Amino acid sequence: MSTPSLDAARPQGAVRTPRKRHAAVAMTLTAALAGGTLVVSAGSAAADDALTTTTDETVADETTSAGTTTTDSTDTSVSDATATPTPEPVVEDTASPEPTTTTDGTTTTPTEEPAAGDTGTATEEPVVVSTTPDVSVSKSRSTGRKGQGHTRPRYTVRATADGEAFAGRVRLYVQGTKVAVKSLDGDGTIHFRPGFSHYDVGRNGIRVVVAPAASTGLEQVTKHRRVWIKPKATTNMYVSKSRHTATKGKWHTRPKYTVKLRKWGEPVQGRVRLFISGDKVAVKKTNKYGVVRFRPGLGKYDLGKNRIRVVGVPARAEGLKKSTKYRKVHVKPKLTRGQKVVRVAHNYIGHRYSWGGTSPATGFDCSGFTSYVYKKAIGKTLPRSSSAQASLGTRVSRSNARQGDLVYSPGHIGIYAGNGRIIESARPGVGVVKRQIWQSSPRFIRI
């Protein structure tokens with residue numbers, strides 16, 4: 001559809017007014033801008049002149065062709081105006097909004113509303129600084145034995161904060177009792193090795209408290225451990241004695257005691273005490289082999305049964321418990337001459353009778369038996385016949401008779417054994433026997 005021009009709508013001979021001229025120029029500029037054919041440089045005087053010239057030429061052309069139809073020019077302008085314009089790239093305005101002045105004279109800067117889901121200005125995450133130091137407690141062993149110093153547990157405490165040492169103190173408690181306090185050194189390491197006097201036998205609770213200095217701003221840390229303490233080991237003591245019996249007056253019958261102190265097969269140094277019937281009679285120090293020998297005199301013993309107590313006391317450096325052993329020794333009284341004769345005579349009971357015999361090999365007759373026993377028991381030589389033997393020594397009454405006295409009756413002789421008994425070589429088929437005195441009125445002779 002064609003659009004009538006301005007001149008066609010105006011009557012012939014009419015004078016064009018400035019208002020109408022401005023309207024025509026505005027319409028022309030509108031068509032040119034729509035078609036993209038006009039380039040205007042803002043602030044240029046030449047551009048203003050060119051715009052005025054173009055407008056004047058357009059108006060002159062319209063005046064010259066008055067009364068004619070300007071369908072082509074109008075259609076082209078309209079066609080260009082209705083054509084689809086080329087879209088220009090959209091550039092986001094990143095400039096900060098300009099401040100505005102309010103009526104009261106204050107200046108405000110508008111702020112953009114945050115988009116949906118946007119929390120506004122981003123904030124940095126706070127940095128969390130740990131105030132608890134890193135503390136580790138290690139122990140050299142979990143068990144120890146009283147008295148053995150090399151088994152004492154040693155505790156190593158390491159305390160750092162972010163890998164760096166810090167100032168402070170470390171306290172060590174054993175069974176709730178504070179036993180040591182130390183300051184942290186340069187590398188944050190401390191060693192403890194308390195003595196066994198601080199421990200109890202059995203389970204012990206260990207508490208380690210690391211207290212940083214107030215200037216560090218660190219917290220106190222407590223660690224717990226457990227240690228088992230065993231009692232002292234008992235010394236292995238071996239006690240041997242040379243004999244179980246002794247006889248008063250015979251020094252060669254004194255028992256001899258040999259004591260050995262051992263632990264795990266190794267000799268133990270220390271002292272050994274010897275007690276007889278509760279009385280301490282000797283104390284000796286062990287030799288390098290852990291051996292001690294005792295041989296007390298018979299005067300230290302009582303007649304009869306004696307209780308022997310041997311106490312081994314290891315040196316303190318050994319770290320062992322003392323050991324006690326018990327033995328028994330029977331001590332006989334000192335024998336008289338007659339008792340010795342009777343004891344020897346007992347040894348030949350049961351030997352055969354032989355006329356003229358004077359030894360166990362050949363047998364004994366009555367006088368041969370008595371002479372042999374006296375010679376062997378006390379070293380006394382008797383005559384060979386019974387009557388000759390009866391003529392020696394001193395005659396005593398039956399009530400005063402003692403062991404070892406000769407018992408004589410005509411043609412026969414024997415040895416008095418005490419309690420009305422006699423040891424004799426009786427006759428063939430009987431031999432040497434011990435029996436009640438069978439003579440009615442014997443003679444007792446003390447040699």
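Read the figures in this text as sums done on the coordinates, not as results from a lab. Remember, it's a predicted structure, so these values are computed and weren't measured experimentally. In this analysis, Cβ positions are derived from the backbone assuming ideal geometry, glycine residues included, and neighbour counts consider all displayed protein chains.
Structure summary
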| quantity | calculated |
| --- | --- |
| Candidates Y326, Y289, filtered to the one that is closer than 14 Å to V239 by Cβ, in contact (Cβ under 8 Å) with a residue 12 or more places away in the chain and loosely packed, with under 13 Cβ neighbours inside 10 Å | Y326 |
| Residues that are touching a residue at least 24 places away in the same chain (Cβ under 8 Å) and within 19 Å of P383 (Cβ to Cβ), drawn from region 407-422 | V407, Y408, S409, G411, H412, I413, G414, I415, Y416 |
| Those residues of region 199-230 which are part of a strand (DSSP E or B) and among the small types (G, A, S), in sequence order | G202, G205, A211 |
| Qualifying residue in region 292-304 (condition: closer than 30 Å to G144 by Cβ and surrounded by fewer than 16 Cβ atoms within 10 Å (Cβ to Cβ)) | no |
| Some residue of region 124-137 being acidic (D, E), surrounded by 12 or more Cβ atoms within 10 Å (Cβ to Cβ) and without any contact (Cβ under 8 Å) to a residue 60 or more places away in the chain | yes |
| Residue in region 268-281 that is closer than 22 Å to G149 by Cα and polar (S, T, N, Q) present | yes |
| Qualifying residue in region 243-262 (condition: out of contact with any Asp or Glu (no Cβ under 7 Å at 6 or more places or on another chain), surrounded by 17 or more Cβ atoms within 10 Å (Cβ to Cβ), outside any loop (DSSP other than H, G, I, E, B) and of a type in the set (G, A, S)) | yes |
| Among residues of region 155-173, those that are of a type outside the set (K, R) and free of Cβ contacts under 8 Å to residues at least 40 places away in the same chain, counted | 8 |
| Conditions (1) without any contact (Cβ under 8 Å) to a residue 40 or more places away in the chain; (2) under 15 Å from the mean Cα position of the chain (by Cα); number of the one not met by V181 | (2) |
